[in-house]
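Q: Please read through the structure below; I'll follow up with questions.
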Amino acid sequence: MDQTAMYKLMKSLLPTLDRHLTKGMNGKVGIVGGSKDYTGAPYYAAVASLKSGSDITHIFCSEEAAIPIKCYSPEFIVHPCLYDMEQLDMWLNAVTSVVVGPGLGRDKETQQAVERVLQRVIDNEKMHFVGDADMLWFLSNAEQKERNVQMLWKIGKRAVITPNVVEFGRLAGAWMGEMGEYDIKKQQQIEEVFYSEREGHFGEVDSEHEVVRHVAMLSKSLGNVIVCKKGLVDLISDGTTSYFVAVEGASKRCGGQGDLMSGILGTFSKYAQNIHNPNNALLAVVAASIATRSCAKAAFLKKWIGLTTPDILEEIPGFLAGFYTDDMSKL
Ligand SMILES: NC(=O)C1=CN([C@@H]2O[C@H](COP(=O)(O)OP(=O)(O)OC[C@H]3O[C@@H](n4cnc5c(N)ncnc54)[C@H](OP(=O)(O)O)[C@@H]3O)[C@@H](O)[C@H]2O)[C@@H](O)CC1
Ligand SMILES: Nc1ncnc2c1ncn2[C@@H]1O[C@H](COP(=O)(O)OP(=O)(O)OP(=O)(O)O)[C@@H](O)[C@H]1O
(Lines give C-alpha, C1' and ligand atoms only; values in the text may rest on other atoms or scores of the structure.)
(Ligands and ions follow the chains in the order given, each with its own letter.)
Protein backbone atom coordinates (compact mmCIF):
# COMPACT_ATOMS: atom_id res chain seq x y z
CA MET A 1 0.00 0.00 0.00
CA ASP A 2 1.14 3.50 -0.93
CA GLN A 3 1.04 4.51 2.75
CA THR A 4 3.08 7.70 2.80
CA ALA A 5 1.26 9.27 -0.15
CA MET A 6 -2.10 8.28 1.31
CA TYR A 7 -1.18 9.64 4.70
CA LYS A 8 -0.16 13.00 3.19
CA LEU A 9 -3.34 13.29 1.11
CA MET A 10 -5.68 12.43 4.00
CA LYS A 11 -3.86 14.73 6.39
CA SER A 12 -4.20 17.64 3.99
CA LEU A 13 -7.90 16.91 3.43
CA LEU A 14 -9.28 16.27 6.91
CA PRO A 15 -10.35 19.34 8.92
CA THR A 16 -8.64 20.41 12.12
CA LEU A 17 -10.73 19.53 15.17
CA ASP A 18 -10.67 22.19 17.87
CA ARG A 19 -12.91 24.07 20.28
CA HIS A 20 -13.63 26.86 17.79
CA LEU A 21 -15.79 24.65 15.58
CA THR A 22 -19.53 25.19 15.55
CA LYS A 23 -22.25 22.82 14.37
CA GLY A 24 -22.29 22.63 10.60
CA MET A 25 -18.77 23.91 9.97
CA ASN A 26 -17.65 20.44 8.89
CA GLY A 27 -20.60 20.12 6.56
CA LYS A 28 -24.33 19.66 6.35
CA VAL A 29 -25.07 16.99 3.80
CA GLY A 30 -28.38 16.45 2.01
CA ILE A 31 -29.23 13.03 0.60
CA VAL A 32 -31.91 13.08 -2.09
CA GLY A 33 -33.14 9.48 -2.29
CA GLY A 34 -35.40 6.96 -0.62
CA SER A 35 -38.50 5.64 -2.37
CA LYS A 36 -41.11 2.89 -2.09
CA ASP A 37 -38.65 0.14 -3.03
CA TYR A 38 -35.40 1.46 -1.58
CA THR A 39 -34.81 2.78 1.93
CA GLY A 40 -31.42 1.16 2.61
CA ALA A 41 -29.45 3.12 0.00
CA PRO A 42 -30.09 6.63 1.44
CA TYR A 43 -29.45 5.21 4.93
CA TYR A 44 -25.99 3.98 3.88
CA ALA A 45 -25.16 7.31 2.23
CA ALA A 46 -26.38 9.30 5.24
CA VAL A 47 -24.48 7.25 7.83
CA ALA A 48 -21.32 7.39 5.71
CA SER A 49 -21.57 11.18 5.45
CA LEU A 50 -21.85 11.48 9.24
CA LYS A 51 -19.14 8.94 10.06
CA SER A 52 -16.76 10.72 7.70
CA GLY A 53 -17.23 13.94 9.64
CA SER A 54 -20.24 16.00 8.57
CA ASP A 55 -22.24 17.46 11.47
CA ILE A 56 -25.79 17.06 10.16
CA THR A 57 -27.55 14.96 7.55
CA HIS A 58 -30.89 15.72 5.93
CA ILE A 59 -32.68 13.08 3.84
CA PHE A 60 -35.18 14.17 1.18
CA CYS A 61 -37.36 11.20 0.25
CA SER A 62 -40.82 10.07 -0.80
CA GLU A 63 -43.68 9.86 1.73
CA GLU A 64 -43.64 6.07 2.00
CA ALA A 65 -39.88 5.91 2.63
CA ALA A 66 -39.83 8.51 5.42
CA ILE A 67 -41.07 6.47 8.40
CA PRO A 68 -38.78 3.48 7.80
CA ILE A 69 -35.78 5.79 7.36
CA LYS A 70 -36.62 7.80 10.50
CA CYS A 71 -36.82 4.53 12.42
CA TYR A 72 -33.30 3.50 11.38
CA SER A 73 -31.62 6.28 13.33
CA PRO A 74 -32.26 9.41 15.40
CA GLU A 75 -29.30 11.04 13.61
CA PHE A 76 -31.21 11.84 10.43
CA ILE A 77 -33.49 14.77 9.74
CA VAL A 78 -35.98 13.27 7.31
CA HIS A 79 -38.16 15.31 4.95
CA PRO A 80 -40.82 13.44 2.94
CA CYS A 81 -40.82 16.20 0.31
CA LEU A 82 -39.48 14.58 -2.85
CA TYR A 83 -42.61 15.70 -4.71
CA ASP A 84 -43.23 18.96 -2.84
CA MET A 85 -41.03 21.51 -4.57
CA GLU A 86 -41.74 24.34 -2.15
CA GLN A 87 -40.68 22.29 0.88
CA LEU A 88 -37.70 20.82 -0.96
CA ASP A 89 -36.51 24.27 -1.94
CA MET A 90 -36.86 25.54 1.59
CA TRP A 91 -34.95 22.66 3.20
CA LEU A 92 -32.17 22.78 0.62
CA ASN A 93 -31.15 26.03 2.33
CA ALA A 94 -29.98 23.87 5.22
CA VAL A 95 -27.28 21.91 3.38
CA THR A 96 -23.75 22.57 2.10
CA SER A 97 -23.60 19.61 -0.27
CA VAL A 98 -26.13 17.32 -1.81
CA VAL A 99 -25.96 13.67 -2.86
CA VAL A 100 -28.65 12.81 -5.39
CA GLY A 101 -29.59 9.27 -6.40
CA PRO A 102 -29.22 6.51 -3.76
CA GLY A 103 -32.58 4.73 -3.73
CA LEU A 104 -34.19 7.64 -5.60
CA GLY A 105 -36.19 5.47 -7.99
CA ARG A 106 -36.87 6.26 -11.62
CA ASP A 107 -40.44 7.62 -11.61
CA LYS A 108 -40.91 10.31 -14.22
CA GLU A 109 -42.08 12.75 -11.54
CA THR A 110 -38.75 12.49 -9.74
CA GLN A 111 -37.08 14.46 -12.54
CA GLN A 112 -38.54 17.69 -11.16
CA ALA A 113 -36.77 17.12 -7.83
CA VAL A 114 -33.49 16.44 -9.66
CA GLU A 115 -33.88 19.70 -11.60
CA ARG A 116 -34.78 21.67 -8.50
CA VAL A 117 -31.63 20.47 -6.75
CA LEU A 118 -29.43 21.17 -9.78
CA GLN A 119 -30.85 24.69 -10.01
CA ARG A 120 -30.06 25.24 -6.34
CA VAL A 121 -26.45 24.15 -6.87
CA ILE A 122 -26.17 26.45 -9.91
CA ASP A 123 -27.45 29.39 -7.82
CA ASN A 124 -25.28 28.70 -4.76
CA GLU A 125 -21.61 28.66 -5.72
CA LYS A 126 -20.59 27.23 -2.35
CA MET A 127 -22.72 24.12 -2.74
CA HIS A 128 -21.33 20.76 -3.96
CA PHE A 129 -23.18 18.12 -5.93
CA VAL A 130 -22.73 14.33 -5.99
CA GLY A 131 -24.76 12.32 -8.52
CA ASP A 132 -25.04 8.54 -8.15
CA ALA A 133 -27.34 5.56 -8.86
CA ASP A 134 -30.76 6.62 -10.20
CA MET A 135 -29.65 10.22 -10.78
CA LEU A 136 -27.32 8.74 -13.41
CA TRP A 137 -30.30 7.05 -15.01
CA PHE A 138 -31.93 10.48 -15.41
CA LEU A 139 -28.66 11.62 -16.93
CA SER A 140 -28.68 8.93 -19.59
CA ASN A 141 -32.40 8.47 -20.25
CA ALA A 142 -33.52 9.98 -23.59
CA GLU A 143 -36.44 11.87 -22.09
CA GLN A 144 -34.58 13.78 -19.37
CA LYS A 145 -30.90 13.70 -20.21
CA GLU A 146 -30.62 16.97 -22.18
CA ARG A 147 -32.10 19.15 -19.45
CA ASN A 148 -29.94 17.61 -16.74
CA VAL A 149 -26.73 17.91 -18.69
CA GLN A 150 -27.42 21.53 -19.62
CA MET A 151 -27.62 22.22 -15.89
CA LEU A 152 -24.51 20.19 -15.05
CA TRP A 153 -22.54 22.29 -17.55
CA LYS A 154 -23.25 25.31 -15.35
CA ILE A 155 -21.92 23.51 -12.26
CA GLY A 156 -18.66 22.07 -13.65
CA LYS A 157 -16.14 20.82 -11.13
CA ARG A 158 -18.43 21.39 -8.14
CA ALA A 159 -20.23 18.30 -9.39
CA VAL A 160 -19.03 14.69 -9.15
CA ILE A 161 -20.80 11.71 -10.67
CA THR A 162 -19.93 8.18 -9.59
CA PRO A 163 -21.09 5.60 -12.17
CA ASN A 164 -20.49 1.89 -11.68
CA VAL A 165 -19.58 -0.26 -14.67
CA VAL A 166 -23.19 -0.59 -15.88
CA GLU A 167 -24.06 3.07 -15.29
CA PHE A 168 -20.92 4.18 -17.11
CA GLY A 169 -21.91 2.02 -20.10
CA ARG A 170 -25.34 3.72 -20.17
CA LEU A 171 -23.83 7.20 -19.93
CA ALA A 172 -21.28 6.40 -22.64
CA GLY A 173 -24.10 5.19 -24.89
CA ALA A 174 -26.06 8.37 -24.26
CA TRP A 175 -23.26 10.93 -24.54
CA MET A 176 -20.31 9.53 -26.42
CA GLY A 177 -21.96 7.91 -29.45
CA GLU A 178 -20.01 10.05 -31.89
CA MET A 179 -16.71 9.11 -30.20
CA GLY A 180 -17.03 5.44 -31.01
CA GLU A 181 -18.48 2.39 -29.32
CA TYR A 182 -17.66 1.80 -25.66
CA ASP A 183 -16.88 -1.89 -25.26
CA ILE A 184 -17.43 -2.85 -21.57
CA LYS A 185 -15.71 -6.26 -21.86
CA LYS A 186 -12.62 -4.88 -23.62
CA GLN A 187 -12.39 -2.04 -21.11
CA GLN A 188 -12.57 -4.47 -18.18
CA GLN A 189 -9.63 -6.43 -19.63
CA ILE A 190 -7.62 -3.21 -19.88
CA GLU A 191 -8.52 -2.41 -16.25
CA GLU A 192 -7.47 -5.91 -15.06
CA VAL A 193 -3.98 -5.46 -16.53
CA PHE A 194 -3.71 -1.87 -15.25
CA TYR A 195 -4.81 -2.92 -11.74
CA SER A 196 -2.44 -5.89 -11.52
CA GLU A 197 0.49 -3.61 -12.39
CA ARG A 198 -0.46 -0.99 -9.77
CA GLU A 199 -2.24 -2.90 -7.00
CA GLY A 200 -2.11 -1.02 -3.69
CA HIS A 201 -1.30 2.33 -5.30
CA PHE A 202 -3.00 5.48 -6.51
CA GLY A 203 -1.84 8.47 -8.49
CA GLU A 204 -2.11 10.51 -11.65
CA VAL A 205 -2.57 8.88 -15.05
CA ASP A 206 -2.38 10.50 -18.48
CA SER A 207 -5.92 11.36 -19.62
CA GLU A 208 -5.09 9.83 -23.02
CA HIS A 209 -4.17 6.46 -21.44
CA GLU A 210 -6.50 3.75 -22.73
CA VAL A 211 -7.65 2.89 -19.19
CA VAL A 212 -9.09 6.36 -18.51
CA ARG A 213 -9.61 7.92 -21.98
CA HIS A 214 -13.38 7.28 -22.00
CA VAL A 215 -13.78 8.65 -18.48
CA ALA A 216 -12.04 11.90 -19.51
CA MET A 217 -14.17 12.03 -22.67
CA LEU A 218 -17.39 11.63 -20.70
CA SER A 219 -16.33 14.39 -18.31
CA LYS A 220 -15.75 16.73 -21.28
CA SER A 221 -19.14 15.84 -22.78
CA LEU A 222 -20.82 16.75 -19.48
CA GLY A 223 -19.12 20.12 -19.01
CA ASN A 224 -16.02 18.94 -17.11
CA VAL A 225 -17.90 17.63 -14.11
CA ILE A 226 -15.70 15.16 -12.24
CA VAL A 227 -16.43 11.58 -13.27
CA CYS A 228 -15.42 8.75 -10.93
CA LYS A 229 -15.91 5.42 -12.70
CA LYS A 230 -16.06 2.75 -9.98
CA GLY A 231 -14.76 -0.75 -10.49
CA LEU A 232 -11.73 -2.96 -9.92
CA VAL A 233 -9.78 0.27 -10.26
CA ASP A 234 -11.51 3.62 -9.67
CA LEU A 235 -10.83 6.11 -12.48
CA ILE A 236 -11.35 9.80 -11.77
CA SER A 237 -11.19 12.63 -14.30
CA ASP A 238 -12.24 16.23 -14.89
CA GLY A 239 -11.55 15.86 -18.61
CA THR A 240 -8.04 17.29 -18.35
CA THR A 241 -6.44 15.71 -15.31
CA SER A 242 -7.01 12.09 -14.31
CA TYR A 243 -6.24 9.83 -11.34
CA PHE A 244 -6.51 6.12 -10.61
CA VAL A 245 -7.10 4.39 -7.26
CA ALA A 246 -5.97 0.75 -7.19
CA VAL A 247 -5.97 0.52 -3.40
CA GLU A 248 -7.29 -2.91 -2.41
CA GLY A 249 -11.02 -3.12 -1.57
CA ALA A 250 -13.34 -5.98 -0.61
CA SER A 251 -13.56 -9.19 -2.59
CA LYS A 252 -17.24 -9.45 -1.73
CA ARG A 253 -19.50 -7.13 -3.71
CA CYS A 254 -22.37 -6.67 -1.27
CA GLY A 255 -24.90 -4.02 -2.37
CA GLY A 256 -24.59 -0.54 -0.92
CA GLN A 257 -20.84 0.06 -1.22
CA GLY A 258 -21.47 2.71 -3.87
CA ASP A 259 -24.08 4.41 -1.68
CA LEU A 260 -21.54 4.48 1.14
CA MET A 261 -18.96 6.08 -1.15
CA SER A 262 -21.41 8.76 -2.31
CA GLY A 263 -22.08 9.68 1.33
CA ILE A 264 -18.36 10.01 2.08
CA LEU A 265 -18.05 12.17 -1.03
CA GLY A 266 -20.88 14.40 0.15
CA THR A 267 -18.70 15.21 3.14
CA PHE A 268 -15.28 15.19 1.46
CA SER A 269 -16.41 17.50 -1.37
CA LYS A 270 -16.55 20.29 1.21
CA TYR A 271 -13.21 19.29 2.75
CA ALA A 272 -11.62 19.83 -0.69
CA GLN A 273 -11.13 23.47 0.32
CA ASN A 274 -8.53 22.29 2.87
CA ILE A 275 -6.23 20.99 0.11
CA HIS A 276 -3.94 23.65 -1.32
CA ASN A 277 -3.58 22.27 -4.81
CA PRO A 278 -5.23 23.30 -8.11
CA ASN A 279 -6.66 19.77 -8.37
CA ASN A 280 -8.19 19.84 -4.89
CA ALA A 281 -11.69 18.78 -6.01
CA LEU A 282 -10.27 15.77 -7.85
CA LEU A 283 -8.06 14.86 -4.88
CA ALA A 284 -11.07 14.90 -2.55
CA VAL A 285 -12.65 12.26 -4.81
CA VAL A 286 -9.42 10.25 -4.78
CA ALA A 287 -9.52 10.41 -0.97
CA ALA A 288 -13.16 9.25 -0.85
CA SER A 289 -12.29 6.31 -3.07
CA ILE A 290 -9.28 5.38 -0.90
CA ALA A 291 -11.38 5.63 2.26
CA THR A 292 -14.21 3.49 0.84
CA ARG A 293 -11.89 0.79 -0.45
CA SER A 294 -9.70 0.73 2.68
CA CYS A 295 -12.73 0.41 4.99
CA ALA A 296 -14.21 -2.28 2.72
CA LYS A 297 -10.98 -4.25 2.91
CA ALA A 298 -10.77 -3.91 6.71
CA ALA A 299 -14.37 -5.11 7.11
CA PHE A 300 -13.86 -7.92 4.59
CA LEU A 301 -10.89 -9.28 6.55
CA LYS A 302 -13.20 -9.62 9.57
CA LYS A 303 -16.39 -10.86 7.90
CA TRP A 304 -15.36 -12.57 4.64
CA ILE A 305 -18.42 -14.17 2.98
CA GLY A 306 -20.73 -12.56 5.55
CA LEU A 307 -19.67 -9.00 4.69
CA THR A 308 -22.51 -6.45 4.56
CA THR A 309 -22.37 -2.71 4.05
CA PRO A 310 -23.04 -1.84 7.74
CA ASP A 311 -19.77 -3.69 8.54
CA ILE A 312 -17.96 -1.27 6.22
CA LEU A 313 -19.69 1.75 7.76
CA GLU A 314 -18.35 0.66 11.16
CA GLU A 315 -14.77 0.89 9.86
CA ILE A 316 -14.97 4.54 8.78
CA PRO A 317 -14.35 6.24 12.17
CA GLY A 318 -11.34 4.04 13.04
CA PHE A 319 -9.82 4.52 9.62
CA LEU A 320 -10.14 8.31 9.74
CA ALA A 321 -9.12 8.54 13.42
CA GLY A 322 -5.73 7.09 12.46
CA PHE A 323 -4.92 10.36 10.68
CA TYR A 324 -5.58 12.38 13.84
CA THR A 325 -3.73 10.09 16.23
CA ASP A 326 -0.88 9.28 13.84
CA ASP A 327 -1.72 5.60 14.27
CA MET A 328 -0.78 3.97 10.96
CA SER A 329 -1.81 0.47 12.04
CA LYS A 330 -5.29 0.77 10.46
CA LEU A 331 -3.95 1.94 7.08
N1 LIG B 1 -30.28 -1.72 0.20
C2 LIG B 1 -30.69 -0.85 -0.74
O3 LIG B 1 -31.69 -0.15 -0.57
C4 LIG B 1 -29.91 -0.74 -1.99
C5 LIG B 1 -30.46 -0.03 -3.04
N6 LIG B 1 -29.80 0.22 -4.18
C7 LIG B 1 -30.49 1.07 -5.14
O8 LIG B 1 -31.03 0.27 -6.15
C9 LIG B 1 -31.36 1.11 -7.24
C10 LIG B 1 -30.94 0.47 -8.53
O11 LIG B 1 -29.52 0.32 -8.55
P12 LIG B 1 -28.82 -0.86 -9.34
O13 LIG B 1 -27.35 -0.66 -9.22
O14 LIG B 1 -29.36 -2.18 -8.92
O15 LIG B 1 -29.38 -0.60 -10.81
P16 LIG B 1 -28.73 -0.79 -12.22
O17 LIG B 1 -27.56 0.11 -12.39
O18 LIG B 1 -29.82 -0.63 -13.22
O19 LIG B 1 -28.23 -2.29 -12.17
C20 LIG B 1 -29.07 -3.27 -12.61
C21 LIG B 1 -28.28 -4.53 -12.89
O22 LIG B 1 -27.00 -4.26 -13.45
C23 LIG B 1 -26.05 -5.23 -12.99
N24 LIG B 1 -24.99 -4.55 -12.22
C25 LIG B 1 -25.16 -3.53 -11.33
N26 LIG B 1 -24.00 -3.10 -10.85
C27 LIG B 1 -23.04 -3.83 -11.48
C28 LIG B 1 -21.62 -3.83 -11.45
N29 LIG B 1 -20.95 -2.97 -10.64
N30 LIG B 1 -20.96 -4.70 -12.23
C31 LIG B 1 -21.64 -5.56 -13.04
N32 LIG B 1 -23.00 -5.58 -13.12
C33 LIG B 1 -23.68 -4.75 -12.35
C34 LIG B 1 -26.83 -6.20 -12.17
O35 LIG B 1 -27.38 -7.16 -13.05
P36 LIG B 1 -27.02 -8.75 -12.96
O37 LIG B 1 -25.53 -8.80 -13.09
O38 LIG B 1 -27.52 -9.18 -11.63
O39 LIG B 1 -27.74 -9.32 -14.12
C40 LIG B 1 -27.95 -5.31 -11.64
O41 LIG B 1 -29.04 -6.06 -11.19
C42 LIG B 1 -30.68 2.44 -6.96
O43 LIG B 1 -31.60 3.36 -6.46
C44 LIG B 1 -29.68 2.09 -5.90
O45 LIG B 1 -29.32 3.20 -5.10
C46 LIG B 1 -28.44 -0.24 -4.39
O47 LIG B 1 -27.61 0.87 -4.12
C48 LIG B 1 -28.07 -1.43 -3.52
C49 LIG B 1 -28.54 -1.31 -2.10
N1 LIG C 1 -13.97 -5.42 -8.20
C2 LIG C 1 -13.79 -4.55 -7.18
N3 LIG C 1 -12.82 -4.77 -6.27
C4 LIG C 1 -12.64 -3.92 -5.23
N5 LIG C 1 -13.38 -2.81 -5.05
C6 LIG C 1 -14.35 -2.54 -5.93
C7 LIG C 1 -14.62 -3.39 -7.05
N8 LIG C 1 -15.66 -2.88 -7.75
C9 LIG C 1 -16.02 -1.76 -7.10
N10 LIG C 1 -15.24 -1.54 -6.02
C11 LIG C 1 -15.32 -0.44 -5.05
O12 LIG C 1 -16.56 -0.50 -4.34
C13 LIG C 1 -17.12 0.80 -4.21
C14 LIG C 1 -18.52 0.79 -4.81
O15 LIG C 1 -18.45 0.45 -6.17
P16 LIG C 1 -19.60 -0.41 -6.88
O17 LIG C 1 -19.18 -0.64 -8.30
O18 LIG C 1 -19.92 -1.59 -6.04
O19 LIG C 1 -20.78 0.64 -6.80
P20 LIG C 1 -22.33 0.49 -7.01
O21 LIG C 1 -22.63 -0.66 -7.95
O22 LIG C 1 -22.83 1.82 -7.41
O23 LIG C 1 -22.81 0.14 -5.54
P24 LIG C 1 -24.29 0.00 -4.92
O25 LIG C 1 -24.42 -1.44 -4.54
O26 LIG C 1 -24.28 0.91 -3.76
O27 LIG C 1 -25.27 0.43 -5.98
C28 LIG C 1 -16.18 1.76 -4.91
O29 LIG C 1 -15.37 2.39 -3.93
C30 LIG C 1 -15.29 0.89 -5.76
O31 LIG C 1 -13.97 1.36 -5.78
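The values are calculated or read from the model by the stated rules, or taken from the named source; none is laboratory data. These numbers were taken from a predicted model, which means no experiment stands behind them. Counting neighbours? That spans all protein chains shown, and the Cβs are built from the backbone with ideal geometry, glycine included. With ligands, DNA and RNA removed, areas are computed over all heavy atoms of the protein, side chains included. Shrake-Rupley method; radii C 1.70, N 1.55, O 1.52, S 1.80 Å.
Q: What shape does region 132-256 take by its C-alpha gyration tensor, where a ≥ b ≥ c are the square roots of the eigenvalues and a/c under 1.5 counts as rounded, a/b above b/c as prolate, and the rest as oblate?
A: The shape class here is prolate.
Q: In addition: Just how much of TYR44 is accessible, in Å², when a 1.4 Å probe is used and the result is rounded to the nearest 10?
A: 50
Q: Follow-up. Between region 62-114 and region 273-323, what's the alpha-carbon centroid distance in Å?
A: What the calculation gives is 25 Å, centre to centre.
Q: Return the Rg/Rh ratio of region 222-300 with Cα-based radii and a Kirkwood Rh.
A: Ratio value, two decimals: 0.97.
Q: I've got another one for you. I'd like the Karplus ³J(HN,Hα) series for region 32-46: coefficients 6.51, -1.76, 1.60, θ = phi - 60°, whole numbers in Hz, and an x wherever there's a Gly or Pro.
A: After applying 6.51 cos²θ - 1.76 cosθ + 1.60, I find 9, x, x, 9, 3, 7, 10, 10, x, 4, x, 4, 4, 5, 5 Hz.
Q: Expected output is a single nm value to one decimal: the length gained when fully extending between ASP84 and LEU17, i.e. 0.36 nm times separation in residues minus the C-alpha distance. What is it? Intermediate values should be presented prior to the final figure.
A: Numbers: separation 67, 0.36 × 67 = 24.12 nm, distance 3.72 nm.
Difference between extended and current length: 20.4 nm.
Q: On the protein heavy atoms, probe 1.4 angstrom, tell me the percent of accessible surface of the chain carried by carbon and sulfur. Please list the in-between numbers first.
A: Details: 7060 of 14140 Å².
Accessible surface attributable to carbon and sulfur in the chain totals 50 percent.
Q: Reachable aspartates and glutamates from LYS126, Cα under 15 Å, same-chain residues fewer than 8 places away excluded?
A: none
Q: Considering only DSSP beta bridges with both partners in the chain, what is the antiparallel share in %, to the nearest 5? Display every interim value, and only then the final one.
A: Working: 11 of 33 bridges.
Given both bridge residues lie in the chain, the antiparallel proportion sits at roughly 35 percent.
Q: Cross-link list LYS8/LYS145; LYS28/LYS229; LYS70/LYS229; LYS11/LYS252; LYS230/LYS302: which exceed 27 angstrom alpha carbon to alpha carbon?
A: LYS8/LYS145; LYS70/LYS229; LYS11/LYS252
Q: Tell me, what is the Rg over Rh of the chain, with Rh the Kirkwood radius over Cα pairs?
A: Numbers: Rg = 18.3 Å, Rh = 19.5 Å.
My calculation puts Rg/Rh at 0.94.
Q: Can you work out D for region 64-199 in µm² s⁻¹ from Stokes-Einstein, where Rh is the Kirkwood radius over C-alpha pairs, the temperature is 10 °C and the viscosity is 1.306 mPa s?
A: 95
Q: Sequence gap at least 6, Cα distance under 8 Å: using those rules, report the relative contact order of region 1-87 to the nearest whole percent.
A: Relative contact order of region 1-87: 25 percent.
Q: Moving to a separate point now. Quick one: P(r) of region 191-331 from all Cα-Cα pairs, 10 Å bins, percents rounded to integers, in order of increasing distance.
A: Histogramming region 191-331 at 10 Å steps yields 12, 40, 36, 11, 0 percent.
Q: Report relative contact order for the chain in percent, whole number only (criteria: Cα-Cα under 8 Å, sequence separation at least 6).
A: 19
Q: Relative to the Cα centre, what is the charge dipole magnitude of the chain, using +1 at the beta carbon of each Lys and Arg, -1 at the beta carbon of each Asp and Glu, and rounding to the nearest 20 debye?
A: Charge dipole of the chain: 460 debye, to the nearest 20.
Q: Let me ask something else about it. Per residue of region 9-15, in order, report the coupling 6.51 cos²θ - 1.76 cosθ + 1.60 (Karplus, θ = phi - 60°) as ³J(HN,Hα) in whole Hz, putting x for Gly and Pro.
A: After applying 6.51 cos²θ - 1.76 cosθ + 1.60, I find 5, 5, 4, 6, 7, 5, x Hz.
Q: Using the charge dipole of the chain (Lys, Arg: +1 at Cβ; Asp, Glu: -1 at Cβ; taken about the Cα centre), state which of PHE194, SER207, GLN257 has its Cα farthest towards the positive end.
A: Result: GLN257, furthest along the dipole toward the positive end.
Q: Further question on the same structure: Per 0.36 nm of contour for each residue apart, how much would the distance between GLN150 and GLU109 grow if the chain were fully extended, relative to their Cα-Cα spacing?
A: 12.9 nm
Q: Obtain the nm distance between the two label points defined at GLN119 and GLU314 by a simple spin-label model: each point lies 7 Å from its Cα along the Cα-to-C-beta direction.
A: Each label point is offset 7 Å from its Cα along the Cβ direction, giving 4.5 nm.
Q: Around GLY30, which amide H atoms from residues at least 5 apart in sequence, or from another chain, sit under 5 Å from its own amide H, with H modelled in the peptide plane?
A: Sorted by chain and number, the residues that satisfy this are HIS58, THR96, SER97, VAL98, VAL99.
Q: Count neighbours as other Cβ atoms within 10 Å of each site's Cβ, and list the GluC sites (Glu not before Pro) in region 135-199 that are DSSP loop with at most 14 such neighbours. It would help to have the intermediate numbers written out before the result.
A: Numbers: sites: GLU143, GLU146, GLU167, GLU178, GLU181, GLU191, GLU192, GLU197, GLU199; in loops: GLU143, GLU181, GLU199.
Answer in residue order: GLU143, GLU181, GLU199.
Q: About the Cα centre, and with charges only on the beta carbon of Lys, Arg (+1) and Asp, Glu (-1), how big is the dipole of region 125-276? Nearest 20 debye, please.
A: In total the dipole reaches around 500 debye.
Q: Equivalent ellipsoid semi-axes for region 19-131, as square roots of 5 times the alpha carbon gyration tensor eigenvalues: give them largest first, rounded to whole Å.
A: The equivalent ellipsoid of region 19-131 has semi-axes of 21, 17, 11 Å.
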